[in-house]
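Undergrad: Quick one: structure below, then a few questions.
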Amino acid sequence: MKIDRQIGILSMLLQKDMVTAPYLAELFEVSRRTINRDVEDLCKAGIPVVTKPGANGGISIMENYKMDKTLFTNAEMQDILAGLRSLDSVNGTNRYGKLMEKLAAGSSDFMVGNQSILIDLASWYKESLAPGIELIRTAIDMCRELEFIYYSPQNEGLRCIEPYYLMFRWSSWYVWGWCRKREDVRLFKLNRMEHIRVSEREFTKRQVPMPDLSNERIFPGGIKVKALFDAECKWRLVEEFGSGSFEEQEDGRLLFHADYTNKENLMIWLMTFREKVELLEPEELRVEIRESIEKMRERYDNSNTFRERG
């Protein structure tokens with residue numbers, strides 16, 4: 001992809017005093033025209049890349065700039081490479097590993113040393129997510145509309161969007177784009193998208209806002225929760241809410257306090273603790289949970305009767 005190649009070109013320029021466009025074109029398996037466009041983009045980004053024509057010419061970073069400023073420290077470059085490796089974990093390829101092998105040829109201090117940061121973004125849905133991620137990236141790079149079937153709590157149906165950003169957040173992948181149906185920007189979760197297709201229709205990029213995914217905006221709270229957990233649930237409360245979310249009682253149980261946003265999600269979360277938790281507040285939700293438990297018991301009683309008759 002474009003940004004990955006440009007990082008690779010920048011790294012190569014940091015390693016060598018001068019390289020030629022044909023050399024970079026062969027290294028990254030693109031045309032010389034593409035390399036020239038990448039160099040122009042690097043210049044627009046503020047990197048003083050200069051070109052020298054002629055038999056002994058080539059592409060380089062302005063000498064004084066390199067002497068006076070270090071663009072990437074060794075630690076910073078290792079962090080960049082760790083991030084690139086993490087993308088291989090998503091798509092199941094070795095694309096970025098091969099990129100680093102190419103950059104390591106001829107090597108520099110940036111490419112040596114042990115990696116102390118390993119990032120794996122793969123999920124249980126890797127086989128279905130990886131192709132979708134590649135399609136979304138293609139649509140973004142080519143400014144093509146994206147079509148897919150989307151499943152939401154309200155309904156399901158065909159969506160057509162102009163994709164702008166692919167994001168990893170809250171342990172899941174999302175795409176941020178302009179929704180034709182809603183005529184506004186929306187966030188779509190990849191796990192809820194099926195039959196993803198890159199349309200032949202191109203779009204002109206809009207001035208869309210960056211997605212505001214702050215916890216305060218997405219999870220504003222509103223439901224004041226008080227619950228009593230058995231002591232053996234401590235590890236989960238620490239993992240999911242932190243050690244400051246509860247107070248240990250004299251009998252060893254844990255008095256839990258939190259603000260929750262979604263009632264349904266809260267009920268589902270509490271149910272995962274089964275008999276090891278009692279919701280104290282809010283009272284109306286406590287009543288709903290009790291009614292839900294009664295309905296569950298009725299269903300299981302009826303299913304037993306059905307099996308006996310069968």
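Undergrad: Place a +1 charge on the Cβ of each Lys and Arg in region 126-207 and a -1 charge on the Cβ of each Asp and Glu, then give the dipole magnitude about the Cα centre in debye, rounded to the nearest 20.
TA: Dipole about the Cα centre, nearest 20: 260 debye.
Undergrad: Let me ask something additional. So which of Lys189/Lys226; Lys2/Lys263; Lys205/Lys263; Lys189/Lys224; Lys189/Lys234 end up more than 32 Å apart, counting from Cα to Cα?
TA: Lys2/Lys263; Lys205/Lys263
Undergrad: Enumerate by residue number the GluC sites (Glu not before Pro) in region 229-260 meeting two conditions: DSSP loop (anything except H, G, I, E, B), and at most 10 other Cβ atoms within 10 Å of the site's Cβ.
TA: Hits after loop and neighbour filter: Glu250.
Undergrad: Given C-alpha coordinates of region 126-207, what is the ratio Rg to Rh with the Kirkwood estimate of Rh?
TA: Expressed as Rg/Rh, it is 0.92.
Undergrad: Let me ask something else. Order 135-147, 281-293 from most to least packed using the mean count of other Cβ atoms within 10 Å.
TA: Top of the packing list down: 135-147, 281-293.
Undergrad: By how many nm would the segment from Thr138 to Arg290 lengthen if fully extended, with 0.36 nm per residue of separation less the alpha-carbon distance?
TA: 49.8 nm
Undergrad: Report the charge-dipole magnitude of region 156-261 in Debye, nearest 20, computed about the Cα centre from +1 at each Lys and Arg Cβ and -1 at each Asp and Glu Cβ.
TA: The dipole of region 156-261 has a size of about 820 debye.
None of the figures in this text is laboratory data; all of them are computed from the coordinates on show. Every value quoted in this text rests on a predicted model; they were computed, and no experiment measured them. Virtual Cβ from ideal backbone geometry, glycine too; neighbours counted across all protein chains shown.
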